[in-house]
Amino acid sequence: MSERKVLNKYFPPDFDPELISRRKHPKNSQQVVRLMAPFSMRCNTCGEYIYKGKKFNARKETVEGEDYLGIKIFRFYIKCTLCSAEITFKTDPRNTDYTAEHGASRNFEPWRDEKAEEEDRLAKLEEEENNPMKVLENKTIDSKREMDILDALQDIRARNARNERVGASDDLLSRLAMREVEDEEDKEKKRLEEEDEKLVEQVFSKVPASGSTTVTVKRKADDYEPPAHTLLSDSARSLIASTATLQAAKKQKTNAKNSLGIKVLKKPAKAKPT
């Protein structure tokens with residue numbers, strides 16, 4: 001068992017490697033390789049998304065009749081994970097990337113657009129260096145585009161200013177309406193307070209001045225009877241309020257003890273000495 005782990009194999013002295021028969025491979029044979037999806041794509045058959053980095057058992061072959069500066073271009077065959085449709089893509093040594101060939105479409109990638117814009121800019125600069133008329137034409141196009149942008153910006157500013165004026169007038173009208181409503185509410189509240197004060201004055205005017213503990217209240221024509229607490233003095237009202245507060249606090253304390261299961265035991269009375 002240990003012999004299979006050695007690094008050096010034994011070759012006899014009479015070994016001749018030319019005697020070993022060579023296997024014949026087809027010219028464009030395919031190899032099974034394990035790879036990851038080089039870019040995110042969408043299957044054209046079922047619409048399944050295949051994200052970058054997903055692993056596949058792919059078939060690899062060399063593209064005949066295509067190369068870039070002597071560099072070979074390889075084609076890979078994979079299958080969709082949902083419908084098992086065949087998808088192919090190739091290497092792109094010119095851009096150090098991959099290109100989708102059949103069965104799937106590449107998803108949108110913003111950095112590729114930025115790269116294309118940079119390439120277009122460089123190509124434009126090279127063209128301007130060799131053609132002076134092209135420089136003049138590009139300047140004319142750029143100035144026209146700039147004027148169009150300024151006109152559109154001016155229209156947007158005018159529209160925003162008009163919307164702000166309309167909004168300010170609407171806010172002013174709404175504030176005026178709210179102020180009118182608040183004034184009406186204040187007037188109504190003031191009127192009700194005055195009526196209450198008049199009623200209290202009428203009731204207390206019929207109460208005996210002193211020396212009597214009974215209070216007689218006559219019912220008015222509209223069968224309105226004032227509340228009893230309005231007939232009491234300030235000191236009596238404060239006394240009643242304090243008594244009610246003490247009773248409520250005592251009741252709350254008792255309920256809290258009962259809810260906790262605490263029983264209060266009374267102490268036994270001490271016997272008097274004989």
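If R0 is 45 Å, the Cβ-Cβ spacing of residue 40 and residue 151 corresponds to a FRET efficiency of close to 0.65.
Rounded to whole Å, give me the distance from the Cα center of segment 118-136 to that of segment 65-105. With segment 118-136 and segment 65-105 each reduced to a Cα centre, they are spaced 33 Å.
The peptide list 176-189, 69-82, put in order of mean Cβ contacts within 10 Å with the highest first, becomes 69-82, 176-189. Given R0 = 22 Å, the distance between the Cβ atoms of residue 32 and residue 96 translates into a calculated FRET efficiency of 0.30.
Computed over Cα pairs, the Kirkwood radius of segment 46-111 leads via Stokes-Einstein (1.002 mPa s, 20 °C) to a diffusion coefficient of 164 µm² per second. Computed from the Cβ-Cβ distance with R0 of 25 Å, the FRET efficiency linking residue 81 to residue 113 stands at 0.35.
The modelled label-to-label distance for the pair residue 60/residue 7, using points 7 Å beyond Cα in the direction of Cβ, is 2.6 nm. The length gained by stretching the chain between residue 165 and residue 123 to full extension, at 0.36 nm per residue less their Cα-Cα distance, is 10.3 nm. Highest-first packing order for the peptide set 57-68, 124-135 is 57-68, 124-135, based on the mean count of other beta carbon atoms within 10 Å.
Per residue, segment 75-171 exposes an accessible area of 77 Å² to a 1.4 Å probe, with every protein chain left in place.
Highest mean first, the peptides 31-37, 21-27, 88-94 sorted by other C-beta atoms within 10 Å per residue fall in the order 88-94, 31-37, 21-27. Along segment 46-58 the Karplus relation, 6.51 cos²θ - 1.76 cosθ + 1.60 evaluated at θ = phi - 60°, assigns HN-Hα couplings of 10, x, 6, 8, 10, 8, 5, x, 6, 8, 9, 8, 10 Hz to successive residues, with x for each Gly and Pro. When the solvent-accessible area of segment 15-68 is split by element, carbon and sulfur atoms take up 46 percent of it, the probe being 1.4 Å. Between residue 158 and residue 185, residue separation times 0.36 nm minus the direct Cα-Cα distance comes to 5.6 nm. Lysine pair count for segment 34-136 (Cα-Cα distance under 16 Å; residues 8 or more apart in sequence or on different chains): 11. Contact order for segment 15-152, expressed relative to its length and based on alpha carbon pairs under 8 Å spaced 6+ residues apart, stands at 16 percent. Full extension of the chain segment joining residue 194 with residue 141 gains 11.1 nm, where the gain is 0.36 nm per residue of separation less the Cα-Cα distance.
The values are calculated or read from the model by the stated rules, or taken from the named source; none is laboratory data. If you're wondering where the values come from, they're calculated on a predicted model, not measured in any experiment. Please note: Cβ atoms are built from the backbone with ideal geometry, for glycine as well, and neighbour counts cover all protein chains shown. To get the accessible areas, we keep the full protein, side chains included, count just its heavy atoms, and leave off ligands, DNA and RNA. Shrake-Rupley method; radii C 1.70, N 1.55, O 1.52, S 1.80 Å.
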